[in-house]
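*Asks:* Below is a structure I'd like to ask you about.
The values are calculated or read from the model by the stated rules, or taken from the named source; none is laboratory data. Not measured: the values here are computed from a predicted model. All Cβ positions, even for glycine, are placed from backbone atoms using ideal geometry, and neighbour counts span all protein chains on display. Remember, those area values only see protein heavy atoms, side chains included, never the ligands or the DNA or RNA. Shrake-Rupley method; radii C 1.70, N 1.55, O 1.52, S 1.80 Å.
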Amino acid sequence: MRDFDSLIPEWFKTFIQVGNDLIWSQYLIGLLLTAGFFFTISSKFVQIRWIPEMFRALTEKPETLDSGEKGISPFQAFAISAGSRVGTGNIAGVATAIVLGGPGAVFWMWVIAIIGAASAFIEATLAQVYKVHDKEGGFRGGPAYYMTKGLNQRWLGIVFAVLITITFAFVFNTVQSNTIAESLNTQYQVSPVITGIVLAVITGIVIFGGVRSIAKLSSAIVPIMAIIYIVMVLGILLFHFDQIIPMITTIIKSAFGFEQATGGAVGFAVLQGIKRGLFSNEAGMGSAPNAAATAAVSHPVKQGLIQSLGVFFDTILVCTATAIMILLYSGLEFGENAAQGVAVTQTALNEHLGSAGGIFLSVAITLFAFSSVIGNYYYGQANIEFLSKNKGILFVFRCLVVVLVFVGAVIKTETVWSTADVFMGLMAIVNIVAIIGLSNIAFAVMKDYQRQRKEGKRPIFRPENLEINLFGIECWGEQSQNKKEYDQH
């Protein structure tokens, strides 16, 4: 099934192994947690106290662009980022975290989601503040843009743009196609080669259609598949209602070492929970801001709130649903030698729902993962356009995405997950450092939004009204108007 894996050079495998050991030490975990707590406390728990405001912002209509067309709506931007968030991390990633880290890993996934939602708020707000106009009349932006314009460090923006392009468009997409291929091979004995070819062809058709087709596809698929998936798990819970409280108790006890389901230490549960939680919800990684920047809204904070909601949607809702289903499985085994990934979830579903469970998961994982492929591609495209305006480079990039979707389907699962962990960690380090440096701007923008809401106004962002001076703004207030007049002349 995975003969193609032998084509990967040994030096690359060694690099990935060493990189994982160095990056995923206590230092990166400490950085993620410290940053999350800093943003949470400094914003006075914005991710908790403004939950009602998140849902209100999600339903707003898009602003009208200069071209007279409607921009991408807040919901469509949410769907693009959710399309990347809700994928194999919620199904295969959660299973791997539980098998390797025990039930306690679920608790630490909750922790990284709750405090990480504050990081998501900061990075998405900054992405809106420093977004730019794209050639189609809409917007684009993300960490590479706020590093360049806000920190005045273009070199750092270039480093991040290269990292996110490699991580999402190439590495993470191999994870998604790998999971689809493994699921279809397990359930239907479909050859990974055939799966890879079909996925590559469909991906090529979609990504050459432009960002608006991506938005429409994601906004159509994500809500439907998420609702069906969650309803199915709720149905399973109804049949095991008496086991829910004991299971939650086991998760909490295992998280702190009071009840060890595996031979590993508490630190391993923390590591697995945070790694798989970060892969799933992407809070602080710097990926979701690329989608947040595309939304046409009247104030940057609206997208900050929506992206925080996305973290809760992903981890607290979808990941927890998967974890409950897996932990209720009577044949669950723990440790490095046990089955991992989507095979665990598929087996659990077969026990709960019969053969229909495995069939459903094959369909679900294909929808989840393919929507992630499309969302991941867009992150890469936005950053390729930051690095170069050359259409030839963009064309080559799209071709490479299609090729690597095929490659991911035919190589070993361990290889793609280990590679993803390395590049995910590098991205998080660069982005967290940047948003800490720009946090004073995000807090000032947040206060401006809060002030206008208290005055009963519809918040409209005008940088000139802030208490601090902002530079590098193109799409807001007087700076936007001055740029339009300059372009016209």
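*Asks:* Take the residues in segment 166-183 that are open to solvent by 10 Å² or more (accessible area, probe 1.4 Å) and at pLDDT 85 or above; name whichever of them is nearest to M427 (Cα to Cα).
*Replies:* I166
*Asks:* Quick check on segment 99-114. Is at least one of its residues over 20 Å from the mean Cα position of the chain (by Cα), at pLDDT below 85, under 30 Å from V193 (Cα atoms) and not basic (K, R)?
*Replies:* Checked segment 99-114: at least one residue is over 20 Å from the mean Cα position of the chain (by Cα), at pLDDT below 85, under 30 Å from V193 (Cα atoms) and not basic (K, R).
*Asks:* Would you confirm whether any residue within segment 185-192 is open to solvent by less than 30 Å² (accessible area, probe 1.4 Å), assigned to a helix (DSSP H, G or I) and of a type in the set (F, W, Y)?
*Replies:* no
*Asks:* Name the single residue, out of those in segment 392-419 being open to solvent by 50 Å² or more (accessible area, probe 1.4 Å) and among the charged types (D, E, K, R), that is nearest to N185 (Cα to Cα).
*Replies:* This residue is K412.
*Asks:* Here is a further query. Might you check whether a residue that is more than 27 Å from K275 (Cβ to Cβ), among the polar types (S, T, N, Q) and in a helix (DSSP H, G or I) occurs anywhere in segment 352-366?
*Replies:* yes
*Asks:* I'd like the full set of residues that are surrounded by fewer than 12 Cβ atoms within 10 Å (Cβ to Cβ) and either polar (S, T, N, Q) or not in a loop (DSSP other than H, G, I, E, B) (or both), limited to segment 449-464.
*Replies:* K454, E464
*Asks:* Assess whether G157 counts as being modelled with pLDDT of 90 or more and either open to solvent by less than 10 Å² (accessible area, probe 1.4 Å) or acidic (D, E) (or both). Explain how you work it out, then say what you get.
*Replies:* Working: modelled with pLDDT of 90 or more: yes; either open to solvent by less than 10 Å² (accessible area, probe 1.4 Å) or acidic (D, E) (or both): yes.
When the stated conditions are applied, G157 passes them.
*Asks:* Is there any pair linking a residue in segment 233-254 that is loosely packed, with under 14 Cβ neighbours inside 10 Å to one that is acidic (D, E), with Cβ under 9 Å and at least six apart or on different chains, and which?
*Replies:* Taking only residues 6 or more apart or on different chains, the pairs are T249/E259.
*Asks:* Another one. Got at least one residue in segment 182-190 being aliphatic (A, V, I, L, M) and under 24 Å from T34 (Cα atoms)?
*Replies:* Scanning segment 182-190 turns up no residue that is aliphatic (A, V, I, L, M) and under 24 Å from T34 (Cα atoms).
*Asks:* Output the helices (runs of 4 or more DSSP H) that fall wholly within segment 1-55 and possess 2 or more residues being open to solvent by less than 20 Å² (accessible area, probe 1.4 Å), closer than 30 Å to D448 by Cα and at pLDDT 90 or above, or say none.
*Replies:* Answer list for segment 1-55: 26-42, 46-49.
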